[in-house]
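Engineer: Here it is: the structure, laid out below.
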């Protein structure tokens, strides 16, 4: 017992040694939407969001201490990271309307992100004739403190308001949901809810990008850190990381509660899948097109297969898996061999979903092809998509899939005389361990060299009656 108490004490001291909390870590913005908020329409949600951002200005931006008024602090109005420097503040919900929409599309961003995550795709879908809503999910787009108390049920309630709004705007036209990361889990949650409650507006198809189907069980243990901090009155223990807020459209600091809610949402989805499977109702699941990097340090890549696609009856669901860059010969340096997962999918003749692998044409070529194995077939077709691996990249990852190379914030380019921060080529060289921003965070890939393929596949999936496997 003495050893245990000593261990806990050391852990508390270590965790409480994080950077000091700032006003954006402690602000309580009570205009945020929750499941119990007495509003019933998306219009009311947007009005509440207006009040929320007034609070953000008054309680955070106007309260930043002089020593925190730095050139890369998103909460300092004159900094390069100020989101209001952009033509549109993509931390807010957005809507691209059209008089004669052919479809309605709801875009759901990930945990700690903002609607910016899918705005490029939203603009393309709107150009194709879609009525598009990009939802700011509760707890997001304001200050990191927004994730201290938010629950997944609050997020799911906001999704229902947004889908109902789309249904009222497009009438008899089909509604689709595109979800990235935690947004993918929320999209799946809504689709499962429709099967359980047919009075909800139906969704015809889902697009899941790096979907959060399972997360590490460490999230369960981490919640005890937060509870211990509450008992001891140590607010820092409510945080998994306290970092500088240099990104205008994503929190860099992360709360224990955010990880816990992500975990609980995945458990809820698995419970519903189990219930619907036992009653043979999973054939009602909308057709799914899922994109996943074979290497993903945030969500489980195998879970997309084993906990979702393998559970579903055949409805031409498809997994598009982005392989590592085989030309770099980095396999021997990886912590795990992605070939194990790829081979298992390729050799499983009983899979009830289409499998497409984006991979090198051969080990000596940077050019990529798409190799596709359709449901019930053993033959593999190959399609050249006229794209190649850029030099210096060994894989994609969780953050990268939804952003094109030309993205002005996360893209590859470096722009002269840019009045805004640009993070896609962030790499400061010097002594290790001296910066509050880790080297791994700076070197993490943020853009997708194969984004044109991803975007076109989504267009084909949503604007045709049946998905085209190798378009």
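Read-outs: derived from the displayed coordinates by stated rules, not from any lab. Given the structure is predicted, the values throughout are model-derived calculations rather than measurements. Cβ: placed from backbone, ideal geometry, glycine included. Neighbour counts: every protein chain shown.
Engineer: Normalised by the residues of the range 66-171, what does the relative contact order come to in percent, with Cα pairs under 8 Å and at least six apart?
Structural biologist: 24 percent
Engineer: With a/c under 1.5 counting as rounded, go ahead and sort the range 2-463 into rounded, prolate or oblate using the C-alpha gyration tensor (a ≥ b ≥ c being the square roots of the eigenvalues; past the cut-off, prolate if a/b is larger than b/c, else oblate).
Structural biologist: Rounded is the answer for the range 2-463, as its axis ratio a/c remains below 1.5.
Engineer: Label points 7 Å out from Cα along the Cβ direction at residue 444 and residue 62: separation in nm?
Structural biologist: 3.4 nm
Engineer: As a footprinting exposure proxy, order 372, 266, 343 by other Cβ within 10 Å, with the fewest listed first.
Structural biologist: 343, 372, 266
Engineer: With the crude spin-label approximation of a point 7 Å out along Cα→Cβ, what separation in nm comes out for residue 44 versus residue 199?
Structural biologist: My value for the distance between the label points is 1.6 nm.
Engineer: Same structure again: According to the square roots a ≥ b ≥ c of the eigenvalues of the Cα gyration tensor, what is the shape class of the range 98-176, taking rounded for a/c under 1.5, prolate for a/b larger than b/c otherwise, and oblate for the remainder?
Structural biologist: oblate
Engineer: What order do you get for 387, 399, 443, 423 when you list them from fewest to most C-beta neighbours inside 10 Å?
Structural biologist: Fewest to most other Cβ atoms nearby, the residues stand as 443, 387, 423, 399.
Engineer: I would also like to ask the following. Spin-label point model (7 Å from Cα, Cβ direction): what's the residue 464 to residue 381 distance in nm?
Structural biologist: For residue 464 paired with residue 381, the spin-label model returns 0.9 nm.
Engineer: Using the 10 angstrom Cβ neighbour count as an exposure proxy, how do 180, 263 rank, fewest first?
Structural biologist: Starting with the residue having the fewest Cβ neighbours, the order is 263, 180.
Engineer: Taking square-rooted eigenvalues a ≥ b ≥ c of the alpha carbon gyration tensor, is the range 274-343 rounded, prolate or oblate, where a/c under 1.5 means rounded and, failing that, a/b exceeding b/c means prolate?
Structural biologist: Prolate, because a/c is 1.5 or more and a/b exceeds b/c.
Engineer: What's the extension gain from residue 31 to residue 51 if we count 0.36 nm per residue and subtract their Cα-Cα distance?
Structural biologist: Net length gain for the segment: 6.6 nm.
Engineer: So for the range 2-463: antiparallel DSSP bridges make up what percent, rounded to the nearest 5?
Structural biologist: Just about 35 percent of them are antiparallel.
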